[in-house]
Amino acid sequence: MKKAILWINLVVLGLLTFSGCSSKKDDPTPPAQTQKNMKFTITTTGLLASDDFDFVIVGTTVQGTETTLFKLNGVVQPNQKALTITNAQLRAGQVVIETTTPIFAAAISTGGFSATNGHSFTFKLEPVIDGAAQPVINKTITTTVYTGDFQYSAK
């Protein structure tokens, strides 16, 4: 059930992110769309195997024709425009997602909860767009269900 909510949030986020574009009808030449390299470093502290936490990222280029967009911990993920990072991957250590090519936008959806009363864990997201650090996201996750959606664009 909780994973279904996470996926629904991701789909809605993706629709909002990628449907909000419009062009001027009187200008036959659309403005050039910027694309940038993006890097996301994810760290968790105190995450247990019994905890439920997932991280999903979806990306797109302006043309939408690229099929391979991401590297996961330095390894190219062929034919992937989206990645799901599991609890096990997060427990194994820091996770770094980088684009293999400049992209127009990335949408991130996270969510989960601690499965043990009195236990909490932390989640940290460090985004870098074209070498410029963006605000760091720090969250403490408890037994209350958490969901977070974040959007990054090349604009």
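By average Cβ neighbour count within 10 Å, what is the ranking of 47-60, 125-138 from highest down?
Put in order of decreasing packing, that is 47-60, 125-138.
Taking H as built 1.01 Å from N, whose amide H comes closer than 5 Å to the amide H of Thr60, not counting residues under 5 places away?
Excluding prolines and chain starts, which carry no amide H, the hits are Phe104, Ala105.
Using the Cα centre of segment 82-155 as origin and beta-carbon charges of +1 (Lys, Arg) and -1 (Asp, Glu), tell me which of Asn87, Ser109, Ala132 is placed farthest towards the positive end of the dipole.
Positive-most Cα among the choices belongs to Asn87.
Using the structure shown, list the pairs from Lys81/Lys155; Lys36/Lys81; Lys39/Lys71; Lys71/Lys155; Lys36/Lys124; Lys39/Lys155 with a Cα-Cα distance above 18 Å, or answer none.
Where the Cα-Cα span goes over 18 Å, the pairs concerned are Lys81/Lys155; Lys71/Lys155; Lys36/Lys124.
Ranking request for peptides 115-121, 80-86, 35-41: highest mean number of other beta-carbon atoms within 10 Å first, then the rest in descending order.
The most tightly packed comes first, giving 35-41, 80-86, 115-121.
Tabulate in residue order the Karplus-calculated ³J(HN,Hα) for segment 113-129, using 6.51 cos²θ - 1.76 cosθ + 1.60 with θ = phi - 60°, rounded to whole Hz; enter x for Gly and Pro.
Coupling constants for segment 113-129: 6, 7, 8, 10, 3, x, 9, 9, 9, 10, 10, 10, 10, 10, x, 9, 10 Hz.
Each reported figure results from applying straightforward, stated rules to the coordinates on display, with no laboratory input. Bear in mind the structure is a predicted one, so any value in this text is a computation, not a measurement. Cβ coordinates were reconstructed from backbone atoms using ideal geometry, including for glycine residues, and neighbour counts include every protein chain displayed.
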